[in-house]
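The values are calculated or read from the model by the stated rules, or taken from the named source; none is laboratory data. None of the values given here were measured: they were computed from a predicted structure. Cβ atoms come from the backbone with ideal geometry, glycine included; neighbour counts cover every protein chain shown.
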């Protein structure tokens, strides 16, 4: 079993975390955000707008199950029962299927808000590179969306595309970014479609290209694709990337080079941005309801 | 907020842009659109606000190329019904 699992090159590491300095019993507003994405599901619990615990795992075939599993894992060992969460927000593709969420919000608003929390109020342009889509977002100093553009029609320029390449080249998904940093940059693969890019990559391998060079050609094509998306929207500094691809230095460095900007190093797992945004909206919605009452 | 609905694929760019700062939620565009592409709902990008704005319905976002094809200018330039109906001028297109 261990042998067959080690061959799953696309399989990234799931994680969970609890803030050791925070006691939920001292908190006033406990809010949560659950981001059920196409590939990964994150649950984040915040106490008065501060990170309390989170879990990040793969989305299964059933959205409600994925939401429940990730929330249970996040709460595991914290002593916080689910019913003490005052407001839970569902976001992402499976947002309407989060059983314990009071409201479903679009992931675009949540990612802008989350990026604002993670990278600071100076962020004006957010690129979310998710598992199955890619979003370019402009926001103001409060993380409010001022413009956006989304592409979810195909898997080019997304995490899933990178998983396919990790599998094809038999390189672990955690290593593809680093390995793609070759001395001489090859011409990017001409097709951005994952299926065509894959057959093009196979042809290049047969021609004798090294794995590193093929990866470089694919990362280059992926970066170029999202750059055209960003340019349509206009890029304003500061610029940040969220989503799983933000951990891929090969794609990130090529986007930075093409746009002539620098994306800050994420202090927290960039995959969490949507769920963090959801939890922050949860808190704001509680405050709004209290003010009205 | 400038909301771009649509996509880009091998055959071109298909985006409808709605400026929510200008949109007053009057629903005239909804009535003007022969394919029912537009709808007026709560602003989903600003969950704390309660104003109503126009957007492209989920059903049409991935097929704007086809949904909007009947209104595309063929021989001479013409203003699209949605753009024409919008008094504050909140709607624009990428084509």
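For the reader, a short list of remarks on this structure follows.
- Yes/no for residue A:181 being in contact (Cβ under 8 Å) with a residue 60 or more places away in the chain and either more than 13 Å from chain B (Cβ to nearest Cβ) or part of a helix (DSSP H, G or I) (or both): yes
- Screening the stretch A:124-140 for residues that are closer than 23 Å to residue B:17 by Cα and more than 12 Å from chain B (Cβ to nearest Cβ) and picking the one that is surrounded by the fewest Cβ atoms within 10 Å (Cβ to Cβ) gives A:132.
- Of the listed requirements (1) farther than 19 Å from residue A:125 by Cα; (2) surrounded by fewer than 19 Cβ atoms within 10 Å (Cβ to Cβ); (3) within 14 Å of another protein chain (Cβ to nearest Cβ); (4) touching a residue at least 24 places away in the same chain (Cβ under 8 Å), residue B:26 misses just one: (3).
- Among residues of the stretch A:254-293, those that are away from chain B (no Cβ under 14 Å) and surrounded by fewer than 18 Cβ atoms within 10 Å (Cβ to Cβ), counted: 11
- Residues of the stretch A:87-99 that turn out to be in contact with a helix residue (DSSP H, G or I) (Cβ under 6 Å, 6 or more places away or on another chain) and in contact (Cβ under 8 Å) with a residue 40 or more places away in the chain, as a count: 7
- Unmet criterion (only one of (1) under 30 Å from residue A:197 (Cα atoms); (2) in contact (Cβ under 8 Å) with a residue 24 or more places away in the chain; (3) within 13 Å of another protein chain (Cβ to nearest Cβ); (4) not in a helix (DSSP H, G or I)) for residue A:111: (4)
- In the stretch A:144-155 there is no residue matching the filter, namely being modelled with pLDDT under 95, assigned to a loop (DSSP other than H, G, I, E, B), in contact with a strand residue (DSSP E or B) (Cβ under 9 Å, 6 or more places away or on another chain) and away from every other protein chain (no Cβ under 11 Å).
- The set of residues in the stretch B:73-95 being outside any loop (DSSP other than H, G, I, E, B) and away from every other protein chain (no Cβ under 14 Å) consists of B:81, B:82, B:83, B:84, B:85, B:91.
- So residue A:249, is it surrounded by fewer than 18 Cβ atoms within 10 Å (Cβ to Cβ) and outside the structural domain of residue A:93 (by TED's automatic domain parsing): yes
- Test: residue in the stretch A:202-214 that is touching a residue at least 12 places away in the same chain (Cβ under 8 Å) and closer than 22 Å to residue B:45 by Cβ: no
- Qualifying residue in the stretch B:49-72 (condition: assigned to a loop (DSSP other than H, G, I, E, B), under 22 Å from residue A:281 (Cβ atoms) and either within 13 Å of another protein chain (Cβ to nearest Cβ) or touching a residue at least 40 places away in the same chain (Cβ under 8 Å) (or both)): yes
- One residue from B:76, B:13, B:44, B:35 being out of contact with any strand residue (DSSP E or B) (no Cβ under 7 Å at 6 or more places or on another chain) and in contact (Cβ under 8 Å) with a residue 40 or more places away in the chain: B:13
- Single residue of A:49, A:92 found to be out of contact with any strand residue (DSSP E or B) (no Cβ under 7 Å at 6 or more places or on another chain) and under 30 Å from residue B:3 (Cα atoms): A:49
- Residue in the stretch A:72-89 that is part of a loop (DSSP other than H, G, I, E, B), at pLDDT below 95, in contact with a strand residue (DSSP E or B) (Cβ under 9 Å, 6 or more places away or on another chain) and buried (at least 23 other Cβ atoms within 10 Å of the Cβ) present: no
- Filter result for residue A:33 (touching a helix residue (DSSP H, G or I) at 6+ places or on another chain (Cβ under 8 Å), closer than 23 Å to residue A:133 by Cβ and not in a loop (DSSP other than H, G, I, E, B)): yes
- Consider the stretch A:156-186 and keep the residues that are over 23 Å from residue A:40 (Cα atoms) and in contact with a helix residue (DSSP H, G or I) (Cβ under 9 Å, 6 or more places away or on another chain). The one that is surrounded by the most Cβ atoms within 10 Å (Cβ to Cβ) is A:180.
- Subset of the stretch A:187-220 [outside any helix (DSSP H, G or I), more than 14 Å from chain B (Cβ to nearest Cβ) and crowded, with 18+ Cβ neighbours inside 10 Å]: A:188, A:189
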